Amino acid sequence: MGNTYTQIYIHYIFSTKHRKPVISHKFESRLWSYLGGIARANNMIPIAIGGVQDHVHALIAIPSTVSMSKSIQLLKGGSSKWLNDNFFRDRTFRWQKGYGAFSVSESMIPKVVNYIKNQKEHHQSKTFKEEYLGLLKKYNVSFDEAYVFD
């Protein structure tokens, strides 16, 4: 074949260090936009980005030239620097080390977008821990609960 054609949609989930509720309503929309800008600057397509005070959900289309681990490194690293430069002048903002990454089929994109857009309502009845463990189980990901939230 003469060309490479891919269609890779990833639903990323990552939390603040120790899941502290430090993503303020004052700047959260700017953070979602900034994450989208990081994605676009690196040839990724941000489809939906949102979250609540202690974690982020991002549905991103990644090109064949950017690995899943590289894409999350760019998103977390770039946004952490931006947050510290603009909102945490004492340089205290950090993301948790790990992340969740789940593949999404084309037919499920509208459902995942709706899920991301409704995070505030969703978390009125479910904690981040309940949500995340539920997703790991739903996607049949092997894990040891003792190490999920270290």
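The values are calculated or read from the model by the stated rules, or taken from the named source; none is laboratory data. Predicted model only: the values in this text are computed from it and were never measured. Every residue, glycine as well, gets a Cβ built from its backbone with ideal geometry; the counts of neighbours run over all protein chains shown. Heads up: the accessible areas ignore ligands, DNA and RNA and are worked out on the full protein's heavy atoms, side chains in. Shrake-Rupley method; radii C 1.70, N 1.55, O 1.52, S 1.80 Å.
Before we move on, is ASN140 within 15 Å of the chain's Cα centre (by Cα) and exposed (fewer than 11 other Cβ atoms within 10 Å of the Cβ)?
Numbers: within 15 Å of the chain's Cα centre (by Cα): no; exposed (fewer than 11 other Cβ atoms within 10 Å of the Cβ): yes.
The answer is no for ASN140.
Are there any pairs with C-beta distances below 6 angstrom linking a residue in region 128-150 that is closer than 14 Å to ALA101 by Cβ to a residue that is loosely packed, with under 13 Cβ neighbours inside 10 Å, with the two at least 6 apart or on different chains, and if so which?
Note: pairs meeting the criteria are LEU136/PHE143.
Does HIS25 meet the test of being of a type outside the set (Ser, Thr, Tyr), open to solvent by 50 Å² or more (accessible area, probe 1.4 Å) and assigned to a helix (DSSP H, G or I)?
Working: of a type outside the set (Ser, Thr, Tyr): yes; open to solvent by 50 Å² or more (accessible area, probe 1.4 Å): yes; assigned to a helix (DSSP H, G or I): no.
Judged against the criteria, HIS25 is not a match.
Open to solvent by less than 70 Å² (accessible area, probe 1.4 Å), part of a helix (DSSP H, G or I), out of contact with any Gly (no Cβ under 7 Å at 6 or more places or on another chain) and within 25 Å of LEU83 (Cβ to Cβ): does that describe GLU121? Before you say what the answer is, go through the steps one by one.
Working: open to solvent by less than 70 Å² (accessible area, probe 1.4 Å): no; part of a helix (DSSP H, G or I): yes; out of contact with any Gly (no Cβ under 7 Å at 6 or more places or on another chain): yes; within 25 Å of LEU83 (Cβ to Cβ): yes.
No, not satisfied.
Regarding region 81-88, can at least one residue be identified that is surrounded by 15 or more Cβ atoms within 10 Å (Cβ to Cβ) and acidic (Asp, Glu)? Even if it seems obvious, please write down each step before you answer.
Of region 81-88, the ones surrounded by 15 or more Cβ atoms within 10 Å (Cβ to Cβ) are 82-84, 87.
Those left that are additionally acidic (Asp, Glu): none.
No, that holds for no residue.
Taking region 89-110 as the search range and keeping residues that are open to solvent by 60 Å² or more (accessible area, probe 1.4 Å) and within 16 Å of the chain's Cα centre (by Cα), which one is modelled with the lowest pLDDT?
Of everything passing the filter in region 89-110, LYS97 is modelled with the lowest pLDDT.
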